[in-house]
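**Q** First, the structure itself, so that you have it in front of you.
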Amino acid sequence: MQNDFSKGGVGKNILMQAIPLTIAQFIQLLYNIVDRIYIGHLPGSDGLALTGIGLIFPIVTLVQAFTNLFGMGGAPLCSIARGAGKKEEAEKILGNTATLLFFSSFLIMGVCYLFKRPILYAFGASDATYVYADQYLTIYLAGTVFSMLGTGLNYFINSQGFPKIGMLTTLLGALLNIILDPIFIFGLNMGVRGAALATVISQGASAVWVLKFLTGKKAILTIKRPCLKLERRLVGRITGLGLSGFIMSGTNALVQIACNVSLRAYGGDLYIGIMTILNSVREVLSLPVMGITNGAQPVLGYNYGAREYRRVRKGILFTTLIGGIYSAAAWLAVVLFPDVFIRLFSDHADMLAAGREAMQLYFFGFVLMVFQFAGQSTFVALGKSKFAIFFSLFRKVIIVVPLTFLLPAIGGLGVDGVFIAEPISNAVGGIASFTTMMLTVWRKLGKMETQSLPAAEAEETTGENVPAAP
């Protein structure tokens, strides 16, 4: 089984990757979503437990950021190498990524344990919410190595054309988490600690599954001991390309911190809890767009390595169109039925009353999000790390964070200013990213499609190793 993405319909290849991948990502999201649903309905907490969980979002996101740095950096390179017929190089990339994920997980865990209390208060904790945040985080951090290995190496399963196996990776952990959550939280009366323990056990099961597959006989590329030794050349390429995914998640953490701090100043603990709900809903609703764009990456990367430039352009167009149609439908659902989404996480009267307006403001520019994802994923898939990094920084650091602090003080907007910053960033950042991609990558692909470039010239033009034309 060669999983040749240069054959068959481009849209079909993308959907074959995207559908199982979206399901897998949704299941992966259930790790945290199920925790929030149970904790949001925890008796006697008055929403403070949910607010406490919201305070650790930046830390969870930072763990994901380092996972993306290596996993999302290595997987596209692996696809390009495999498409070019360089199996040995692809396996070295896989092995180096596994080593980077393993050692960085312990470094992150140690730093977070050491500075846990000052970090949580800096992120917007109050004395009332710190208790819940501390209980969850203390246990959650113990599973950092499971989280990073399971998620980071699962990208390599998908990049080899095994999306169903990748889906089963997260299905295993999520089902286990769903089963254990009520047992630990309510049955054993562990509360927030029970939710964290269930998550760690579930992540451990997923990590074992991934490692078993990538060291077995069914995988096209496997983890081999000689390939685990770090090579400076590969580390540089992996982290260089992975910086985009790292910055996207890292800047998400920065935005979450800015939102929590600003909401604490203008609205108090209640609005941090509301933002926790909004972030949760956004994660769920954005999954299909992420699934289609992430599913397109191995297809685009493989065809790029195989010099099938017309198919790359078709893939970009297909991804943008499907993502745009879905985003419009999701935005309409939020506008018409905000209570349905809020009640999933809390029936608290104050959260329902304040959450309706906040949700409609926050999701106003949701439909434009597809342009950010489409442009970003194309840059990553084709190894254009500089563009991907810039637009990650542009949207979050240059637009969202300053607006999160400035808008609440303008015209008495208060907490509304925090929620308005998101749609503004979707419009400005998304259009800028997509337009740049069309003017650079899309245009260059068109020229390369109509010209027969020698391998050396193609490499010089694109900055990538491209196999010689037959």
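The values are calculated or read from the model by the stated rules, or taken from the named source; none is laboratory data. The structure presented is a predicted model; accordingly, all values stated were derived computationally and were not measured. Glycine also receives a Cβ, built like all others from the backbone with ideal geometry; neighbour counts cover every protein chain displayed. Accessible surface areas use protein heavy atoms only, side chains included; no ligands, DNA or RNA. Shrake-Rupley method; radii C 1.70, N 1.55, O 1.52, S 1.80 Å.
**Q** Suppose the filter is of a type in the set (S, T, N, Q), under 26 Å from Ala196 (Cα atoms) and either in contact with a strand residue (DSSP E or B) (Cβ under 6 Å, 6 or more places away or on another chain) or surrounded by 21 or more Cβ atoms within 10 Å (Cβ to Cβ) (or both); does Ser105 pass it?
**A** Numbers: of a type in the set (S, T, N, Q): yes; under 26 Å from Ala196 (Cα atoms): yes; either in contact with a strand residue (DSSP E or B) (Cβ under 6 Å, 6 or more places away or on another chain) or surrounded by 21 or more Cβ atoms within 10 Å (Cβ to Cβ) (or both): yes.
Yes: the conditions hold for Ser105.
**Q** Now a separate question. Every residue in segment 334-344 that is in contact (Cβ under 8 Å) with a residue 24 or more places away in the chain and assigned to a helix (DSSP H, G or I), please. Full working, then the answer.
**A** Narrowing segment 334-344 to residues in contact (Cβ under 8 Å) with a residue 24 or more places away in the chain: 334-335, 341-342, 344.
If the condition is that a residue be in contact (Cβ under 8 Å) with a residue 24 or more places away in the chain and assigned to a helix (DSSP H, G or I), then Val334, Val335, Phe341, Ile342 are the ones that fit.
**Q** When you scan segment 247-258, how many residues do you find that are at pLDDT 85 or above and open to solvent by 10 Å² or more (accessible area, probe 1.4 Å)?
**A** Residues meeting the conditions: 4.
**Q** For Ile183, state whether it is more than 22 Å from Trp209 (Cα to Cα), part of a helix (DSSP H, G or I), of a type in the set (Val, Ile, Thr) and open to solvent by 20 Å² or more (accessible area, probe 1.4 Å). It would help to see each step written out before you state the result.
**A** On the way: more than 22 Å from Trp209 (Cα to Cα): yes; part of a helix (DSSP H, G or I): yes; of a type in the set (Val, Ile, Thr): yes; open to solvent by 20 Å² or more (accessible area, probe 1.4 Å): yes.
Answer is yes for this residue.
**Q** Follow-up question, since we're still on this one. Right, Thr138: part of a helix (DSSP H, G or I) and under 30 Å from Ala265 (Cβ atoms) or not? Steps first, please.
**A** Details: part of a helix (DSSP H, G or I): yes; under 30 Å from Ala265 (Cβ atoms): yes.
Spelling it out, Thr138 is indeed part of a helix (DSSP H, G or I) and under 30 Å from Ala265 (Cβ atoms).
**Q** Within segment 355-382, track down each residue that is surrounded by 21 or more Cβ atoms within 10 Å (Cβ to Cβ) and not in a helix (DSSP H, G or I).
**A** Answer for segment 355-382, where residues must be surrounded by 21 or more Cβ atoms within 10 Å (Cβ to Cβ) and not in a helix (DSSP H, G or I): Phe363, Leu382.
Per-residue answers, yes or no, for (1) touching a residue at least 60 places away in the same chain (Cβ under 8 Å); (2) among the basic types (Lys, Arg); (3) in a loop (DSSP other than H, G, I, E, B):
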residue: Arg311; (1), (2), (3): yes, yes, no
residue: Ser346; (1), (2), (3): yes, no, yes
residue: Ala353; (1), (2), (3): no, no, no
residue: Thr404; (1), (2), (3): yes, no, no
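**Q** Return the only residue of Phe419, Phe394 being open to solvent by 10 Å² or more (accessible area, probe 1.4 Å) and under 22 Å from the mean Cα position of the chain (by Cα).
**A** Details: Phe419 fails: open to solvent by 10 Å² or more (accessible area, probe 1.4 Å).
Just a single option satisfies the conditions, and that option is Phe394.
**Q** Yes or no: Thr99 open to solvent by less than 10 Å² (accessible area, probe 1.4 Å) and in a helix (DSSP H, G or I)?
**A** Details: open to solvent by less than 10 Å² (accessible area, probe 1.4 Å): no; in a helix (DSSP H, G or I): yes.
Taking the combined requirement at face value, the residue does not satisfy it.
**Q** Shifting gears a bit: Enumerate the pairs (first residue in segment 34-54 and within 17 Å of Asp350 (Cα to Cα) and open to solvent by 20 Å² or more (accessible area, probe 1.4 Å); second residue anywhere and modelled with pLDDT of 80 or more and assigned to a helix (DSSP H, G or I)) with beta-carbon separation below 7 Å, excluding pairs fewer than 6 apart on the same chain, so at least 6 apart or on different chains.
**A** Listed by first residue and then by second, the contacts come to Leu42/Ala49; Leu48/Ala128; Leu48/Thr129; Leu48/Tyr132; Leu48/Asp269.
**Q** Picking from Leu317, Leu243, which residue would you name as being without any contact (Cβ under 8 Å) to a residue 40 or more places away in the chain, within 23 Å of Ala388 (Cα to Cα), open to solvent by 40 Å² or more (accessible area, probe 1.4 Å) and part of a helix (DSSP H, G or I)?
**A** Matching residue, one of Leu317, Leu243: Leu317.
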